[in-house]
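A short write-up of the structure that comes next.
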Amino acid sequence: MSEFRRDLMAYVAMATLAATTSRVATANEAEADSAPADSSQLEVITITATKRAERLQDVPVAVTALTAQTLERANVRELGDLVKMSPGLVVTYGSQPGNFAISMRGIGTFSNGIAVESDVAVVIDDVPLGFQAAAFSDLTDVERVEVLRGPQSTLFGKSAIAGVLNITTAAPTAEWTGKATGYFTNDDEKRGGFTVSGPLSDTVRVRLTVNDSDYKGNITNLTTGQKIDGSSGLTARAKLEWRPNDNLTVTLSPRFYRNESTCCSSVTTSLTPGLYYQGITQLPASYVLRGIPIGPDNHYIRMDYRPGGGDSRNIGGTARADYHFGDTSILKDHTLSSITSGDHWRLLDYQDQDGNDTHFLLYYPLTKPSGIDGGAYQYGYFHANSVTQEFRLTSPGDQRLRYVAGLWYARNALDRYLWKGPVLNVNEYWTSSDNTNYAAFGNGTLDLTDKLSLTGGVRYNIQKINYRFSNYTFNRNFGDVNQDRSTTGKAGVEYKWTPDIMTYVTWSTGYKGQAYDLISTLNAKEAATFPITRETATNYEVGIKSSLFDRRLYFNLDVFDADYHGFQTSVTQNLPDGTFLTALASVGHMRTRGVEMDAAAKPLSNLTLNASFAYTDATIVEFPNGPCYWNNQSPGCSGPNPVTPPDQPQKIVPNTANLAGQPLNNVPKFKYNLGGEYDQPLPDLPFSAFAGFAYTWQSAVNFTLSQDPITVQRAYGIANFSLGINDNHDHYKLSLFVNNAFDKRYSVGTGDITSGFLLAGGTALSGSSGTSATLARDAFRYFGGRIDVQF
């Protein structure tokens, strides 16, 4: 409770100071249109995928729009929940929250390094996050999420080479409203929050949202008896909107969040009998894993140090001013916007490296006895300070030529400290990286006729990046400064066959900046090869968007073909203690092709159905020096990967494999979502009833780039059901739900732990294998309820 009070007081102090020292804020350009008068029609949704408010069905971009109602009914809490609602979206989970990664169409960078950009930009109220890990917090008071697929570098910058998650939070309201929400489950997840919104005067409106959540997790640590693999957090947002006249709107949006995560622990799901941990005779697997029911249903571990996880905190704000030019101006009906943001994010991370509670260092065959009665562990921190400034000019939306043009500045200052040891793989380092970006961009649409339009855009970007690296263990220091320039563009043609049916063809390019792989094993040989080359993309896309049967059916379809050169991704190397190390590599050429579909239908006034589908073929075209998996007997991979002694760190694995023609890891070739909502009036009662269902299915995936045959998640489907009541005056709503109704086992990550369990003396047993699994939140069936009260 004391932590809650300190955080809340910090937020209130920040909001009060900001409100008394500034009168700028953010205007929400893209509220969803009000529900149609005809209840048999689908809702008209307005989005900002082109940085102007446009109807979803008129935008020549492959985008899935998730409204506030959709998110609420699906009980979406955080970014990871969105993967069940957008088939082209995938989240890859790492050993701690600092290295989670988001992918679209198979493209996403998974890395521990702070000087490696993401492939998918996360943008909240027109502000891109400076470090993608900061996106993994509660989604609170969200009005809409837009999932933009494919390169979006022209409008959203160099971290959008694979796509954008464009998130819009709710704006202050013209009338006083309030809402309180409570959420609970049978496995002890709890959420609570409230929102108040309304006018302080004729010219000032305010909105405040506070949300608190707590979930212990679905894994039990037998050593401590505690639940892990969950998270808890507090999120607070405010918007103060000031409209002194009809032309000017200014808004201030302070924000704060705190999150404690015990995520990222893996459970043992299979292991060949008769082996020993690290080949140590005093540590048979039967003892190291005592009490753990090894198998697909396992949700138990043993750890004596804090499992992988991290405690994060962010404090920041956005100031926005929008000026609408009047009739007497040369820029009549244009809007000039200034968007300024600043954020400070930090993460304290920790990990039990050996993944068990034995004191194996007493027995490990070092050159001399360690004398340490314990195991291996690590801890550290990340810091990210981000500042952005955008000036944007938006033309009127009712002219034949419509355009957006702007200037962009961003500076991200990041640093990372890590200690691991105390004896095996010991390392201590600190590193920092600053990147500064300047850009000019423009995007426009020209209507040649009432049906035929041309679209195009260009962005010119200058990136300045530097790094410093100090390894205290080996007394090594490195640094570098670099600059890179890029131009990205987009061009297309769209044709409206009718006012409700449009087809489009687009060509677009993408760019992601040079990188430095700042991890614990950095040495002079590797530093001499820096920076890692830029990543570029060329994408071709054909699509159709349609609104049929008097807006009772939406059907959108796109086909894409994209090539990526210099694709930045991580490879893994097994370490002597059974853990692994990730290191950045540049894939010479890879290609992703596919088909995507989004549809919604309202066959009855009280029945809404939705479906989405993605076929994604993400294939490596050129990667001659790819990683080998443990005990790979293929040509070029002669058995277990040799490991450099800990006093001579080197991240390049001598044994390599040519991975040309292999699929990219963690990319389901087929994935689809089905859902429906049915509302039933009850004329004789003061409330109505509703029911809903959602089903997600995906084909098999391999979680490792090395194509390890035992790190495969087979195809699976997950079904969720809900029902509830809603009073006729919309004052309250009560819903009950069951997630993973058929109790289907699956994981969001599978690891090969074979290298950690050997014969006595340390020899690998031929044919032996062991796997671990990172459990999803709904890896086991659970029930719950939610109540929403409007006032």
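The values are calculated or read from the model by the stated rules, or taken from the named source; none is laboratory data. Keep in mind that this is a model prediction, so the values were computed, not measured. In this analysis, Cβ positions are derived from the backbone assuming ideal geometry, glycine residues included, and neighbour counts consider all displayed protein chains.
Overview of results
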| quantity | calculated |
| --- | --- |
| Residue check for G371: more than 30 Å from V404 (Cα to Cα) and either of a type in the set (D, E, K, R) or crowded, with 18+ Cβ neighbours inside 10 Å (or both) | no |
| Unmet requirement for A49, which otherwise passes all of (1) within 21 Å of N314 (Cβ to Cβ); (2) surrounded by fewer than 24 Cβ atoms within 10 Å (Cβ to Cβ) | (1) |
| Residues within the range 535-557 that are surrounded by 19 or more Cβ atoms within 10 Å (Cβ to Cβ) and either more than 27 Å from G594 (Cα to Cα) or within 26 Å of the chain's Cα centre (by Cα) (or both), tallied | 7 |
| Selected residue (only one of D708, D684, D743 is at positive phi and either assigned to a loop (DSSP other than H, G, I, E, B) or over 25 Å from the mean Cα position of the chain (by Cα) (or both)) | D743 |
| One residue from T529, T521 being outside any strand (DSSP E or B), touching a residue at least 24 places away in the same chain (Cβ under 8 Å) and either among the basic types (K, R) or under 30 Å from R476 (Cα atoms) (or both) | T521 |
| Test: residue in the range 687-699 that is within 18 Å of Y629 (Cβ to Cβ) and either under 28 Å from the mean Cα position of the chain (by Cα) or buried (at least 17 other Cβ atoms within 10 Å of the Cβ) (or both) | no |
| Residues being closer than 30 Å to Y377 by Cβ, among the charged types (D, E, K, R) and at pLDDT 95 or above - total across the range 397-423 | 2 |
| Among (1) within 30 Å of R416 (Cα to Cα); (2) in contact (Cβ under 8 Å) with a residue 60 or more places away in the chain; (3) of a type outside the set (S, T, Y); (4) surrounded by fewer than 18 Cβ atoms within 10 Å (Cβ to Cβ), the one test that G342 misses | (2) |
| Hey, T140 modelled with pLDDT under 95, in a loop (DSSP other than H, G, I, E, B) and over 30 Å from F478 (Cα atoms) or not | yes |
| Condition check for G375: assigned to a strand (DSSP E or B), touching a Leu at 6+ places or on another chain (Cβ under 8 Å) and not basic (K, R) | no |
| Any pair with Cβ under 6 angstrom, 6 or more apart, that starts in the range 481-499 at a residue that is surrounded by 16 or more Cβ atoms within 10 Å (Cβ to Cβ) and ends at one that is of a type in the set (F, W, Y) | S486/Y511; T488/Y511; G492/Y504; E494/Y504 |
| Qualifying residue in the range 143-166 (condition: more than 30 Å from T616 (Cα to Cα) and modelled with pLDDT of 95 or more) | no |
| Selection within the range 756-785 - outside any loop (DSSP other than H, G, I, E, B) and under 30 Å from the mean Cα position of the chain (by Cα) | G770, T771, S772, A773, T774, L775, Y782, F783, G784, G785 |
| All strands (runs of 3 or more DSSP E) inside the range 163-255 with 3 or more residues being closer than 27 Å to N726 by Cα and over 27 Å from the mean Cα position of the chain (by Cα) | 177-185, 189-199 |
| A134 being part of a loop (DSSP other than H, G, I, E, B), hydrophobic (A, V, I, L, M, F, W, C) and modelled with pLDDT of 85 or more | no |
| Test result for F469, within 26 Å of A410 (Cα to Cα) and in contact (Cβ under 8 Å) with a residue 60 or more places away in the chain | no |
